[in-house]
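Worksheet for the structure shown next.
The numbers here are math on the coordinates, done by the rules we state, and not lab data. It should be emphasised that the depicted structure is a prediction, and the values quoted were computed from it without experimental measurement. FYI the Cβ positions are ideal-geometry reconstructions off the backbone, even for glycines, and counts take in every protein chain you see.
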Amino acid sequence: MDASFQLGFELTNILNPVSQAVSTIGSIAIADAVRKAGSDVLTEVKLASFLGKNRIDSILEAHFRQVVAKSERNLISRYLEIVLESGAGPTIRNALKNPTLFSMIVQMSLLCTVHKHQPLANAIVEAIERIVRDFKGNSAAIPDYPSLLGTMRVIQRETVAFQWSSLFESVEGMIQQGLSKVEPHPKRSTKRRKRNGLSSLDLDRDSINKRGLSFPILQSLLMTLESLQRFPEERQIYIECRTGISTLVVWCYHVLGLSVRITMEDRDINIGDEPFTVLIKETFTMELSVSLTVPFSQDKPSLS
């Protein structure tokens with residue numbers, strides 16, 4: 001079966017009318033508390049319809065729950081009854097009881113840490129609009145920009161205690177170590193790619209230091225991550241990119257438990273165990289490429 005057709009068939013489960021998922025919101029009291037905190041329950045459900053089916057790695061899930069479940073309430077004025085609440089608010093407390101919402105919260109917390117809120121909100125809205133249009137889904141699945149922006153701010157505020165920075169430092173350290181120790185592919189030239197007369201290893205690498213994801217990659221991951229998790233031995237995604245490699249590894253490996261192979265300077269850096277479901281190649285060109293292959297093959301897929 002053609003990969004794009006198979007993916008389209010699988011996406012029908014995501015693009016069902018959002019009304020079928022509204023039951024995940026809970027009581028009216030919860031919805032009202034979420035609204036007062038600055039988020040929007042319907043927007044949370046819409047995000048969960050794309051991200052909530054992804055399984056969070058058990059180790060990260062346990063740590064994330066432990067960190068974000070804590071909350072503090074400080075009385076600012078006993079006369080005006082002003083209370084400053086930090087940590088788990090109504091959005092997080094509701095998500096801790098709902099696996100689908102929890103999965104969405106973890107992934108959105110990561111994305112909100114890496115990107116500025118306004119560009120990310122724009123990108124998510126546009127990506128979902130394109131997915132809905134291309135696969136003839138229900139337009140009710142598309143979040144509106146103002147509500148999405150508010151929801152993102154609440155998610156980051158209520159999950160700020162989780163230290164994503166430690167995972168990024170670990171991944172970036174592994175990549176740098178791999179570049180310095182791993183031998184180049186046999187039968188390939190060991191000459192390092194040069195730019196402006198300097199080895200690319202002598203320069204700051206945008207692919208590592210710049211964590212933001214490009215729009216095509218973000219849209220592709222919204223469409224394919226669930227499929228990759230469900231069929232790890234039958235699916236591969238092949239990504240060529242100039243930036244955001246560390247974010248891809250944190251998202252795919254640490255958050256979702258998918259094994260990743262990175263190719264940089266004609267060297268393979270393996271993170272996780274076979275089969276390697278996510279294949280990432282560093283490129284210095286402006287062209288980006290993402291392709292999904294079915295079935296799984298050890299050979300590098302041709303780019304679409």
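Things worth noting here:
- Full extension of the chain between residue 209 and residue 274 gives 20.7 nm of extra length, using 0.36 nm per residue less the Cα-Cα distance.
- Taking every alpha-carbon pair within segment 96-162, the share separated by more than 16 Å comes to 51 percent.
- Modelled FRET efficiency - R0 25 Å, residue 285 with residue 176, Cβ distances, 0.05 increments: 0.65
- Residue 153 paired with residue 58, simple spin-label distance in nm, labels 7 Å along Cα-to-beta-carbon: 3.9 nm
- Violating pairs (Cα-Cα greater than 29 angstrom) within the set 181/281; 97/210; 36/97; 181/210: 97/210
- Paramagnetic label zone (point 7 Å from Cα along Cα-to-C-beta, residue 66; backbone N under 17 Å) in segment 141-173: 161-167
- Taking GluC sites (Glu not before Pro) across segment 214-287, the ones in a DSSP loop with at most 16 further Cβ atoms lying within 10 angstrom of their Cβ are 233, 234, 287.
- Full-stretch length increase - residue 36, residue 130 - with 0.36 nm per residue and alpha-carbon distance subtracted: 30.8 nm
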